[in-house]
Amino acid sequence: MDRIGSDIKDPSFQRTCELSNVICPSKLSHVVLRTTKAQLRSMIDYYQTFLGATVAFENEIAAFLAYDKEHHRVGILALADPAAPTATGTSRGLEHVAFNFSTLDDLATSYEQRKLAGITPDSCVNHGPTTSMYYSDPDGNRIEVDVDNFDTSEEAVAYMKSQSFLENPFGSDFDPDEFVRRVRSGEDHRAIKKRPDVGPKTIGV
């Protein structure tokens, strides 16, 4: 449910971290993925399509992609051992990378655009704090795209401390096409963002 590249504007975040007097960063700059030389082209093409990104730099072993004013947000390096396994849901390492949209309309549009390009989500979940869709790139890395369900971080944190979230910290699945229909119908977005109560839930349930 985290997001990549959001500048932290809230003055309360512009502070010295509590531990070790380390200064907090102002943003998460970029993510770099490792792939094989044989898979590099597929990975570049995938992220160009998935993010609507442009290639800032590319050679035979590396590519750097941007989708906003930052010089790059995603790096892809062809340094992996060809014999190494692709990412799976049970392998060690990064669980997923998340990209945030400002509105449900944008999330719905991005879903439709990716679907036309042959890219569909593996799962869609209303976590409570976010409405999220999960995808897998050609190497099996998981990508989340989401929208915040609350107007402030304080409201989201309060929800995460609720009994409902304690019993089910994972959320409620939803159908992406039904989600788009609801968004386009003019239904109140607050109602769409409200997580249905599906009772206690753990991983794998």
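Coordinate-derived values only; no laboratory data. Values in this document were obtained by computation on a predicted structure and should not be read as measured data. Please note: Cβ atoms are built from the backbone with ideal geometry, for glycine as well, and neighbour counts cover all protein chains shown.
By definition, a body whose alpha carbon gyration tensor gives a ≥ b ≥ c is oblate when a/c is 1.5 or more and a/b is not larger than b/c, and region 95-205 fits this oblate description. For the chain, the longest principal axis of the Cα atoms and the long axis of helix 104-116 meet at an angle of about 40 degrees. Computed over the chain with a Gaussian network model linking Cα atoms closer than 10 Å, the most mobile of R92, R34, R190 is R92.
For region 44-126, what is the convex hull volume of the alpha-carbon atoms per residue, in Å³? Kindly include the intermediate steps, with their values, before the conclusion.
Working: hull volume 11.1 nm³, N = 83.
Considering the Cα atoms of region 44-126, their hull volume per residue is 134 Å³.
With neighbour counts taken as other beta-carbon atoms within 10 Å, the residues L51, L116, L79 rank, fewest first, as L116, L79, L51. Dividing the summed helix terms, -39500 (n - 2.57) for each DSSP H run of n ≥ 4, by the number of residues in the chain produces a 222 nm estimate of -7000 deg cm²/dmol to the nearest 500. Each of H189 and S153 was given a label point 7 Å from its Cα along the Cα-to-Cβ line. The distance between the two points is 2.1 nm. Each DSSP beta bridge with both residues in region 95-205 is either parallel or antiparallel, and the antiparallel ones are about 70%.
Using 0.36 nm per residue, how much length does the chain from D175 to T103 gain when fully extended, once their Cα-Cα distance is taken away? Mind dumping the intermediate values first?
On the way: separation 72, 0.36 × 72 = 25.92 nm, distance 1.78 nm.
The D175-T103 span can extend by a further 24.1 nm.
Under the rule a/c < 1.5 gives rounded, and otherwise a/b versus b/c splits prolate from oblate, where does region 143-205 land using the Cα gyration tensor? Intermediate results must be reported in sequence, preceding the final value.
Numbers: a/c = 1.92, a/b = 1.32, b/c = 1.45.
Since a/c reaches 1.5 but b/c is at least a/b, the shape of region 143-205 is classed as oblate.
Peptides 57-70, 154-167, ordered by how many other C-beta atoms sit within 10 Å of their residues on average, highest first, read 57-70, 154-167.
Roughly what % of DSSP beta bridges within the chain run antiparallel, to the nearest 5? Could you put the intermediate results ahead of the total?
On the way: 22 of 33 bridges.
Antiparallel: roughly 65 percent of the beta bridges in the chain.
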